[in-house]
1. Has the stretch 197-206 got any residue that is within 13 Å of the ligand (Cβ to nearest atom), touching a residue at least 60 places away in the same chain (Cβ under 8 Å) and either over 29 Å from the mean Cα position of the chain (by Cα) or within 23 Å of A293 (Cβ to Cβ) (or both)?
2. Which residues, taken from the stretch 32-66, are under 60 Å from the mean Cα position of the chain (by Cα) and surrounded by 15 or more Cβ atoms within 10 Å (Cβ to Cβ)?
3. Would a scan of the stretch 250-257 turn up a residue that is over 23 Å from F135 (Cα atoms), within 10 Å of the ligand (Cβ to nearest atom), surrounded by 16 or more Cβ atoms within 10 Å (Cβ to Cβ) and modelled with pLDDT of 90 or more?
4. Filtering the stretch 122-181 down to residues that are aliphatic (A, V, I, L, M) and within 13 Å of the ligand (Cβ to nearest atom), which residue is nearest to T250 (Cα to Cα)?
5. List pairs: first residue in the stretch 217-241 and without any contact (Cβ under 8 Å) to a residue 12 or more places away in the chain and under 16 Å from L277 (Cβ atoms), second residue of a type outside the set (A, V, I, L, M) and exposed (fewer than 12 other Cβ atoms within 10 Å of the Cβ) anywhere in the structure, Cβ distance under 8 angstrom, at least six positions apart or on different chains.
6. How many residues does the stretch 297-319 hold that are of a type outside the set (A, V, I, L, M, F, W, C), closer than 18 Å to C263 by Cβ and in a helix (DSSP H, G or I)?
7. So, R184, is that one at pLDDT 95 or above and of a type in the set (D, E, K, R) or not?
8. Looking at the stretch 6-28, which of the residues that are surrounded by 14 or more Cβ atoms within 10 Å (Cβ to Cβ) and among the small types (G, A, S) is nearest to the chain's Cα centre (by Cα)?
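The values are calculated or read from the model by the stated rules, or taken from the named source; none is laboratory data. Source: prediction; values computed, not measured. Every residue, glycine among them, receives a Cβ derived from its backbone with ideal geometry; neighbour counts consider all protein chains shown.
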Amino acid sequence: MQNKLAELLEEVNSASITDSAQLEEFRIRFLGTKNCLKPLFSELKNVPNEDKKLVGQKINELKNAAQTVFDQFNEQLSNDLGNEEKVDFSRPGEPNNIGARHPISVIRKEIISIFERIGYGVSEGPEVEDDWHNFTALNFPEEHPARDMQDTFFVETDGIEMALRTHTSSVQVRVMENSKPPIRTISPGRVFRNESISARAHCFFHQVEGLFIDKDVSFADLKQTILFFAQEMFGKKTQIRLRPSYFPFTEPSAEVDVSCTICSGKGCNVCKYTGWLEILGCGMVDPSVLEAANIDPKEYSGFAFGMGIERIAQLKYRVNDLRLYSENDVRFLKQFKSAF
Ligand code: 2NL
């Protein structure tokens, strides 16, 4: 009897209760209608008379101890969150599968933030454009072969023939029409060309174009701006070279290469052993383009540039097939989880 009491007292005092189920179990065992102390009370009649008082006291002490322990744990559990299960803060967290930004969004953001640091604002405009903003204002005269440079998708809305914009220069024409120089703007957006889809061509892609118009803007300003961009984007040691080119809306025009990001110009299979990678096209805004947007070319000059976001992403991430950007294959997209 004495042993049994000591055993139960030990059990009560060493009870460790961490949730409401365990608490209920404890209550039933020590305090319930069929608790384990009841048989002890009934056995009391077999205890020798001289011990009865002491043993009776011990059983009562045990009962009180059980009540105290129950009350303590009950209070502790009800203080815990939601009065429910006790929360174990040492458990590992639930993984949060939030996905990743699309590589095109990552690079677009990066390009925007580089130009924002040198005073450019962001402008956006419609994807379905009229002939004026996509072509005529940009010095593509009617029937001019320059229009063939960009195979265009046409759509008819309310009997008017509209084009899916072939570049975001159309947005910049709108900025020139609606504001006065100085103008510093970049226009990111989706553009469309009627090309058959392959690893190297797609019927839509993403562009960022830039436009700078002020008094006395020179070709040197253009070169310095592009050099700054290239070094921010591809690293401080990046070099640039300009090759003469042709665009209807700029004169003179140039194609810009950066020193190969893989071999730093020594020659490798990425740059096809030339040491250079093409990143963008640029030039001084043609005076007739300024005039078309009501800016006096005798007072103002400017430069403009345009780049494909896919192309920049391709160089940064070594993506070799343009189609991957729009197929939404999670095996591709998952690889950009660390990029933000
Ligand atoms: C390329 C080349 C270029 C421009 C875009 C532009 C815009 C206006 C006036 C004059 Cl409003 N030019 N934009 C100029 C030169 C090149 O893009 O390869 N893009 C992917």
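1. Within the stretch 197-206, not a single residue is within 13 Å of the ligand (Cβ to nearest atom), touching a residue at least 60 places away in the same chain (Cβ under 8 Å) and either over 29 Å from the mean Cα position of the chain (by Cα) or within 23 Å of A293 (Cβ to Cβ) (or both).
2. Within the stretch 32-66, A65, A66 meet the criteria.
3. Kept after step one, since they are over 23 Å from F135 (Cα atoms), are these residues of the stretch 250-257: 256-257.
Add one more test, that the residue is within 10 Å of the ligand (Cβ to nearest atom), and what stays is 256.
Narrowing further to those that are surrounded by 16 or more Cβ atoms within 10 Å (Cβ to Cβ): 256.
Checking the rest, the ones that are also modelled with pLDDT of 90 or more come to 256.
Within the stretch 250-257, one or more residues are over 23 Å from F135 (Cα atoms), within 10 Å of the ligand (Cβ to nearest atom), surrounded by 16 or more Cβ atoms within 10 Å (Cβ to Cβ) and modelled with pLDDT of 90 or more.
4. Selected residue: L138.
5. These pairs meet every condition: Q231/K237.
6. To start, the set of residues in the stretch 297-319 that are of a type outside the set (A, V, I, L, M, F, W, C) comprises 297-302, 306, 308, 310-311, 314, 316-318.
Filter once more, keeping what is closer than 18 Å to C263 by Cβ: 314, 316-318.
Going one step further and asking which of them are in a helix (DSSP H, G or I), we end up with 314, 316-317.
Counting residues in the stretch 297-319 that are of a type outside the set (A, V, I, L, M, F, W, C), closer than 18 Å to C263 by Cβ and in a helix (DSSP H, G or I) gives 3.
7. Details: at pLDDT 95 or above: yes; of a type in the set (D, E, K, R): yes.
The answer is yes for R184.
8. Ranking the qualifying residues of the stretch 6-28, first place goes to S20.
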